[in-house]
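Working notes for the structure below.
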């Protein structure tokens, strides 16, 4: 009898979490004239974002490259927060985009585009109501409570490229949650947790929204992106606290997302202050 590698046992140890079918993903996503040029699936890596940034910097990856990991051991969220989850319990992937025809000043919309695409794709394929917390968290409702099920992280890469990474909790169970505020598609009652169609739906949605935005020269209003993002943004209309760089914070009502993708907060002083970077906390109404 031929000895089995221990990795084979671990790969199939959880029958509720089968591996992705890389060949089928390529057949479904890599099309002539389409955005996606290459789809690679790896068993485990530290961070798909870090890997794809390095490949882009070395000239070994171009626009339309997609890197997917069954497991991330050093995944990163905003503000360098760690993102870890059991193998095959989620979708962890990064894409390389290069919108050369769009003014760089509008590239700040890329993570918001991705958020809209992810929310749209998952609503269609998983049957879960999703919402966006500015700037890049995906929220689901579990027992009437908003919980974070995913996030987006964008980084500059190579000459004129941007790597956008996405992490989504798909089958994470209650006892596996890293914090009580986390959630997953399964806990939110998803009609499907088959990761192959979920990933295809998100990437096709991203291709559609990214193409629409590029055709509009990056104009978020003309492309319909600004209106769509606002419609799905759970932050708008809420009282929030923005924790800003330099240990500064402001509190007020989130009233709009402006043309630069910034969150506009109306303070008690009657000032409307746009926030382009920071940590947003949804506050309970008084």
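Over its Cα atoms, what ratio of radius of gyration to 2.2 N^0.38 Å does the stretch 32-135 give?
Expressed relative to 2.2 N^0.38 Å, the Cα Rg reads 1.14.
From the C-alpha gyration tensor of the chain, pull out the three semi-axes of the equivalent ellipsoid (sqrt of 5λ each), sorted largest to smallest, in whole Å.
31, 23, 17
Give or take rounding to whole Å, what are the principal axis extents of the alpha carbon atoms in the stretch 100-226, in descending order?
Reported extents, whole Å, longest axis first: 45, 25, 25.
In degrees, nearest 10, range 0 to 90: what is the angle between the Cα axis of helix 110-126 and the longest Cα principal axis of the chain?
Compared with the principal axis, the helix lies near 60 degrees.
Just subtract the alpha-carbon distance of residue 105 and residue 32 from 0.36 nm times their residue separation and send over the number in nm, one decimal. List each step's numbers first, then the result.
Working: separation 73, 0.36 × 73 = 26.28 nm, distance 3.02 nm.
Difference between extended and current length: 23.3 nm.
Considering Cα pairs under 8 angstrom that are at least six residues apart, work out the relative contact order of the chain and quote it in whole percent. Before the final figure, lay out the partial values.
Details: 576 pairs, mean separation 44.1, N = 286.
Relative contact order for the chain comes out at 15 percent.
Given points 7 Å out from each Cα along the Cα-Cβ axis, report the residue 277 to residue 221 separation in nanometres with one decimal.
2.7 nm
Over the stretch 154-261, with a single point scatterer placed on each C-alpha, what log10 of the ratio I(q)/I(0) does the Debye formula yield at q = 0.16 1/Å?
Treating every Cα as an identical point scatterer, log10 I(q)/I(0) equals -1.17.
Between Rg and the Kirkwood Rh of the stretch 239-282, both from Cα atoms, what is the Rg to Rh ratio?
0.92
Under 8 Å for C-alpha pairs, at least 6 residues apart: give me the relative contact order for the stretch 165-249, rounded to a whole percent.
14 percent
In degrees, nearest 10, range 0 to 90: what is the angle between the Cα axis of helix 195-215 and the longest Cα principal axis of the chain?
On a 0 to 90 degree scale, this one is about 40.
Expressed as a whole number of Å, what is the distance separating the alpha-carbon centroids of the stretch 140-161 and the stretch 166-225?
Using only Cα atoms, the two centres lie 8 Å from each other.
For a label point 7 Å from the Cα of residue 58 along Cα→C-beta, name the residues of the stretch 143-174 whose backbone N is under 15 Å from it.
Counting only backbone N, you get 158.
To the nearest 10 degrees, how steep is helix 48-57 against the longest Cα principal axis of the chain, on a 0 to 90 scale?
The angle comes out near 90 degrees.
Please give the calculated 222 nm ellipticity per residue for the chain, where each DSSP H segment of at least 4 residues contributes -39500 (n - 2.57) and the sum is spread over every residue; nearest 500 deg cm²/dmol?
-7500 deg cm²/dmol
Give the percent of DSSP beta bridges with both residues in the chain that are antiparallel, rounded to the nearest 5.
Details: 51 of 59 bridges.
Antiparallel bridges: around 85 percent, rounded to the nearest 5.
So if I take the centroid of the Cα atoms in the stretch 20-46 and the same for the stretch 81-114, what is the distance between those two points in Å?
With the stretch 20-46 and the stretch 81-114 each reduced to a Cα centre, they are spaced 16 Å.
A short reminder: the numbers here are calculations on the coordinates, not readings from a lab. Small disclaimer: the values here were computed from a predicted structure and weren't measured. For neighbour counting, all protein chains shown are included, and Cβ atoms are generated from backbone atoms with ideal geometry for every residue, glycine included.
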